[in-house]
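Chemist: I'd like to ask you about the structure that follows.
The values are calculated or read from the model by the stated rules, or taken from the named source; none is laboratory data. Owing to the predicted nature of the structure, the values given are computational and were not obtained by experimental measurement. Please note: Cβ atoms are built from the backbone with ideal geometry, for glycine as well, and neighbour counts cover all protein chains shown.
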Amino acid sequence: MLRVGLTGNIAAGKSTVARVWRTRGATVIDADELSRRVVDPGTPAFAAIAAEWGDRVLEPDGALDRAALRSIVFADPEARERLESIVHPAVAALREEEYREAVARGERVVVADIPLLFEVGMADEFDVIVLVDAPEETRLMRLVGDRGLDADEARRMIAAQMPSELKRARADVVIENAGSLADLEGRAADVWEELLLRAGAGG
């Protein structure tokens, strides 16, 4: 089974590529979705977070207050490391479970959608890494225009991620997203066909 890592900096267009691939039958394992699932009430990770930070990170109904937790860990690198030590192994275990299910279904290609793939040191876990990229100014305009972010906040978010040049040097395939949505969808479709061929699954 071909393991494909799909990544891209914020507002580069990665979610659009994942959507196109899903419409073509791809199994896409979404890291953000897994991160949400592993901290649902009743999970070991939820219990560990509640034990670590207590009521400060819990909603009145007992659910996790993600905003409160985020504000704590972004202000405190040690707290962030503690959170990652709880969440990352749980996410990895869930991802492996999804891989096993895909193998059992006889799938030849499985995509893991991981925004911070390079930042968290996961590059070696994949047969192929696909990076979706767009010029920084284009991404800034999308964050401000499409998502309604303040320009300074958008610049901080962009600056917090590994620069695109470093990711481009380590990616196997780069999908450029400096044009129209139709251009991106077309390129995404072409790359999916290339992946199928690489996996020996035909077109």
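Chemist: Inside the stretch 64-79, can you point out the residues that are over 18 Å from the mean Cα position of the chain (by Cα), surrounded by 13 or more Cβ atoms within 10 Å (Cβ to Cβ) and farther than 13 Å from A45 by Cβ?
Modeler: D65, A68, S71, I72, V73, A79
Chemist: Give me the pairs: first residue in the stretch 6-19 and within 11 Å of K167 (Cβ to Cβ), second residue assigned to a loop (DSSP other than H, G, I, E, B), beta-carbon distance under 7 Å, and six or more apart or on different chains, which are they?
Modeler: T7/I114; T7/P115; T7/L117; T7/F118; N9/Q161; A12/A134; A12/N177
Chemist: Can you tell me which residue is modelled with the lowest pLDDT among those in the stretch 1-26 that are in contact with a helix residue (DSSP H, G or I) (Cβ under 8 Å, 6 or more places away or on another chain) and among the β-branched types (V, I, T)?
Modeler: Ranking the qualifying residues of the stretch 1-26, first place goes to I10.
Chemist: Just to check your reading of the model, which residue among I72, I29 is at pLDDT 95 or above and among the β-branched types (V, I, T)?
Modeler: Of I72, I29, the one residue that is at pLDDT 95 or above and among the β-branched types (V, I, T) is I29.
Chemist: Of all residues in the stretch 57-68, which are at pLDDT below 95 and part of a helix (DSSP H, G or I)?
Modeler: R66, A67, A68
Chemist: Mind listing whichever residues of the stretch 155-177 are without any contact (Cβ under 8 Å) to a residue 24 or more places away in the chain and surrounded by 15 or more Cβ atoms within 10 Å (Cβ to Cβ)?
Modeler: R155
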